[in-house]
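What follows is a single structure, written as structure tokens, with notes after it.
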Amino acid sequence: MHASTYGRGARRSLALGLLVTLALATSAPHSAWAGGTEEVRLAGASDFGDGKLARALVDDDGVLRPGPAFEAVDVGAPTAWAAVQQGDATWIATGNDAQLMRVQGKDVKTIDLGPGLLVTAVAVAGEGGVVAAVFPGARLVRVDVRGDNVSVAPLAALPAEHVWALAGDGKGGVVAATGGPAAVYAVDGLGTVARRAELDDDHARCLTADGDTWLVGTSPKGLVARVAKDGTVAIVHDFEEQEIVGIVRRTDGSLLVAANADDAGGNAQAVENLVKQMEGPPPTAPGGKAAPRPGLQDGHILHLEASGVMTVLWQEKKVAVLGLTVDGDGAVAGTGPGARLVRVEPGHAAGVLGDLPEAEASVVVSSGEGRLSSVVTSNPVVLHRRLAKLPEPPTWTSDVLDAEAVARWGRLRVEGSGVTGLEVRGGSVDEPDDSWSAWRKVTGSTAGVADTALDARFAQVRITLDAGEAEVRAVSWVRQGPNRPPVLSSFEVNVPGAPKDGGPPSDASPKRELKWKVDDADGDDLVTRIEVRRAGVARWHALVEDEELPKPAWSWDTSGWPDGLYDVKVIVSDAGGNDAARTRTADMTVLAHRVDNTAPRVEARLERDGEGTLVLRATATDPADGRIVRLRYSLDGKAWRVLAADDGLFDEPEESAQARLPEAKDGPHDVVVQAVDALGNVGAAAATSR
């Protein structure tokens, strides 16, 4: 909604108009224009990131470019917890059954690891073999592949509740990070278990090798610790976030850390609570509420320098970081909800590397060369292998754009190069469905410019890029909706200085202060007309004739207008921003407002009663048929005293009052009587006694 526009004046220079146009076009993603016409401008990481990326990316300058392509293999499981690459095979730890999936080419082999709900971790442990962790519990299983033969054998049971991460030690064994307690264990190829270190937290959530030491992230304290071979533990950093889910060491020794802020304790605690509920959900008291589920996490990716200086490279509310892996001198994170790949590198803005169709990008895997090689998603589990060449052109589909009413979508301009196709579609609901129009190719006289001629409230544009050096820096789409009328929500006519009932006389003014409240959803310049007419008369007289007022107010001087009742009307139109055919109006009327600039007539007399006491008798009449609200008198120039109405209430155009004046002894006396009407007009009379 745009506020109604006052104070611009009836005329503006062309130069000023061009300056305003340029400011609107460059300062905001969505640039509003008067008259129901606006230019929707999409640019930068936020706008491009809100759209759907297919083989396209948003780089650290916020420019849309060709991106990586992935080959999808459906694994046939609901959730993925970990994955590891071994030659041309990918091992994926899944749930909601304790199964390990081995994907080679398009072939998916399911390996059952026995009783359990999840396989939470997997690591390469020797040629052709892996070790996997089964949840709940901390049971390690070794899986070996010899040609077509697969063997499954128990390796060890750790003295912990869960295993959250595994890493090969290069000697056929593994290193495990556990929860309940947070600890690091070394397990050799024969299944011998040695506790390397215990950490001061509940869960050791992730680990990564750093020379002869291990870097470990914890939850819910959010620690990054260094564990040496001899078991020495040194805290590298205590983060404000509660859960550390990934650590990447850069060549300069600094760390990239994926952390989630979550007062509920993080993903580890959420899974632990879920399993406990599966095993025996707590009873709910009659009429009570079930225990609330942990809220969504707020994700962060941080750069921790060796000096301790920390920089936030990326953060987003209600979006968790689920995995982190090295990618050149930066890192790629998988997020959820929404299976997005976010790339970060110190010294650069974060970019969106990919947008996958599943619910979460659960696991990200790097090749031996330190580049992102594959992504495993959840809901459902799909392995996405990164391809060397794009099998199809890159595309970007905008987020759904809402005009708030059925609009004509016109000229579409793409600022950039390498655009090979433009398509548009629209509909009447905010989620594209069968009721939407089909995608329609649009062309124009020059590359990247097209007249879309689309009529819809909601609309999308899809851009196809050349797979080479294409780049898009901004998209501008002009639309014109139906002109919405101004909305008047209040109108009042006030009398400045009018006395309150029973109050003292005030400076009566013939001016009336007119005020109204108006909004115009299109932000049009508003033109105002104010008219009055005597009650019962058909003809209106203009006080203001179609002016652009500086504010929604006007002062009406009623001097010279006959006393009586008047209807007062304000009419507001958006003619300042529309041609005559599109102009809309709104009006509001105050009925029977009294104009009374005539003072009351007052009569006063003094007489003595049978007891010799002086008595004042006064009568006041309002010639304009208004209401007398006050009578008062002053005896012999002394202080004013209020008179009470004879009938007990000042509610008529004519009122009388009297007062006994016992203090007025024999001799002459003077009295002045004042009467005030409802609009502050004051009349007076005097009387003298002998």
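Throughout, read-outs are computed from the coordinates displayed, never taken from laboratory work. All of these numbers come straight from a predicted model, not from anything done at the bench. Note that we place each Cβ from the backbone using ideal geometry, even for glycine, and neighbour counts take in every protein chain shown.
Tabulated data
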read-out: Distance in nm between pseudo-label sites at Ala592 and Thr251 (7 Å out along the Cβ direction from Cα); value: 8.9 nm
read-out: Rounded to 10°, Cα long-axis angle of helix 14-27 versus longest principal axis of the chain; value: 40 degrees
read-out: Segment 35-138 - percent relative contact order, Cα under 8 Å, separation 6 or more; value: 16 percent
read-out: Computed magnitude of the charge dipole of the chain (debye, nearest 20; Cβ of K, R +1, Cβ of D, E -1); value: 460 debye
read-out: Theoretical gain in end-to-end length, Glu369 to Ala580 [0.36 nm per residue, Cα-Cα removed]; value: 69.2 nm
read-out: Linear extension gain, Val309 paired with Leu296, 0.36 nm per residue minus alpha-carbon span; value: 1.9 nm
read-out: Nearest-0.05 FRET efficiency for Ser428 and Asp212, computed from C-beta distance (R0 51 Å); value: 0.20
read-out: Shape of segment 367-511, Cα gyration tensor, a/c cut at 1.5; value: prolate
read-out: Computed [θ] at 222 nm, helices only, for the chain once each DSSP H run of length n ≥ 4 contributes -39500 (n - 2.57); value: -1500 deg cm²/dmol
read-out: Relative packing of peptides 602-611, 639-648, 343-352 - highest average C-beta neighbours within 10 Å first; value: 343-352, 602-611, 639-648
read-out: For the chain, alpha-carbon Rg and Dmax in angstrom; value: 40.8, 137
read-out: Ordering of 110-117, 422-429 by packing [mean C-beta count within 10 Å, highest first]; value: 422-429, 110-117
read-out: Calculated FRET efficiency for the pair Lys511/Arg533, C-beta based, R₀ 25 Å, to 0.05; value: 0.85
read-out: Cα-based shape type of segment 288-390, given that a ≥ b ≥ c are square roots of the gyration tensor eigenvalues and the cut on a/c is 1.5; value: oblate
read-out: Kirkwood Rh, angstrom, segment 159-226 [1 / mean 1/r, Cα pairs]; value: 11.7 Å
read-out: Net charge over other residues, Cβ less than 14 angstrom from the Cβ of Ala72 (K, R count +1; D, E count -1); value: -1
read-out: Stretch gain in nm, segment Asp455-Lys441, where the contour uses 0.36 nm per residue and the Cα spacing is subtracted; value: 3.5 nm
read-out: Calculated P(r) tail over 16 Å for segment 601-689, as whole % of Cα pairs; value: 49 percent
read-out: Mean shadow area of segment 83-210, taken as a quarter of the surface of its Cα convex hull (nm²); value: 7.4 nm²
read-out: Per-selection Kirkwood Rh - segment 487-595 (Cα, Å, 1 d.p.); value: 15.1 Å
read-out: Label-zone membership for segment 226-245, site Asn379, 7 angstrom Cα→C-beta point, backbone N under 14 Å; value: none
read-out: Selected from Ala498, Ala553, Val570, residue furthest toward positive end of dipole (segment 487-595; charges at beta carbon); value: Ala498
read-out: Glu492 versus Asp188: modelled label distance in nm, points set 7 Å from Cα along the beta carbon direction; value: 8.9 nm
read-out: The chain, relative contact order in percent, only Cα pairs under 8 angstrom and at least six apart counted; value: 11 percent
read-out: Ranked packing of 617-625, 548-556, most packed first, by mean Cβ within 10 Å; value: 617-625, 548-556
read-out: Residues Ile235, Ile92, sorted so that the one with the fewest Cβ neighbours within 10 Å comes first; value: Ile235, Ile92
read-out: Spacing of the two label points (7 Å from each Cα toward its C-beta) at Asp200 and Asp88, in nm; value: 5.1 nm
read-out: Segment 185-256 - Debye-derived log10 I(q)/I(0), Cα point model, q = 0.23, 0.24, 0.25 Å⁻¹; value: -1.04, -1.11, -1.18
